[in-house]
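Structure, as structure tokens:
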Amino acid sequence: VWGLHALPQADLVPESVQYFLVYAMNLDFMRNTYMAQYTKGDAIVTIFLSQRESQEIAGATVAKYIEYANTYGEGVKRLTVDGVELISCDMTGSYDVVFQKGNLVGGVSAVEEENPAIQTAFDLWRQLHYE
């Protein structure tokens, strides 16, 4: 069960881990995805990890996420944090931050403020050992 080992254990909200074979976050391109909630200060943040069949498919999944954010959100920004490429998606009142690491697509969803969303996604990327 790759996702249970890949998800960070620190600050994990008990019994919040969910697995979606298809349609994670109601998105048809998000498959084989684990989601969990974490406490970050006073906030609860949702983290997701999707394992894809290859790096190319993971890249295509990120591209679809960007297309989705451009269609239903307020826009997308590409950021580099300590050499890590992150994509911040303004989803009209909350932020999603998405990244690719090898054949994984991960990030955070529905975070109220952009900076905590970026930091949480970056922290997740740094501690991932699955590629």
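Relative intensity of region 15-82 on a log10 scale, I(q)/I(0) at q = 0.20, 0.24 Å⁻¹, equals -1.01, -1.18, per a Debye sum over C-alpha point scatterers of equal strength in the absence of solvent. Packing, as the average of other Cβ atoms within 10 Å across residues, places the peptides 61-72, 9-20 in the order 61-72, 9-20, highest first. Spacing of the modelled spin labels on ILE57 and TYR23, each 7 Å from Cα toward Cβ, amounts to 2.0 nm. Apolar share of the accessible surface for the chain: 46 percent from carbon plus sulfur atoms, 1.4 Å probe.
Here the relative contact order of the chain, from alpha carbon pairs under 8 Å that lie six or more residues apart, stands at 20 percent. Can you list the residues of region 105-131 with backbone N under 17 Å from a point 7 Å past the Cα of GLU85, pointing along Cα to Cβ? Correct set: 105-107, 122, 125-126. Computed over the chain, the Cα gyration tensor eigenvalues convert (square root of 5λ each) into semi-axes of 19, 18, 15 Å, ordered from largest to smallest. Probing with 1.4 Å while keeping every protein chain in the model, the per residue accessible area of the chain equals 54 Å².
So what's the back-of-envelope 222 nm ellipticity for the chain, counting only DSSP H runs of four-plus at -39500 (n - 2.57) apiece and dividing by all residues, rounded to 500?
Details: 3 runs with 37 residues, N = 131.
Mean residue ellipticity at 222 nm (helix-derived): -9000 deg cm²/dmol.
The values are calculated or read from the model by the stated rules, or taken from the named source; none is laboratory data. Please read these numbers as outputs of a predicted model, since none were measured by experiment. Glycine also receives a Cβ, built like all others from the backbone with ideal geometry; neighbour counts cover every protein chain displayed. Ligands, DNA and RNA are stripped out before the accessible areas are found, and what is left, the full protein with its side chains, is counted by its heavy atoms. Shrake-Rupley method; radii C 1.70, N 1.55, O 1.52, S 1.80 Å.
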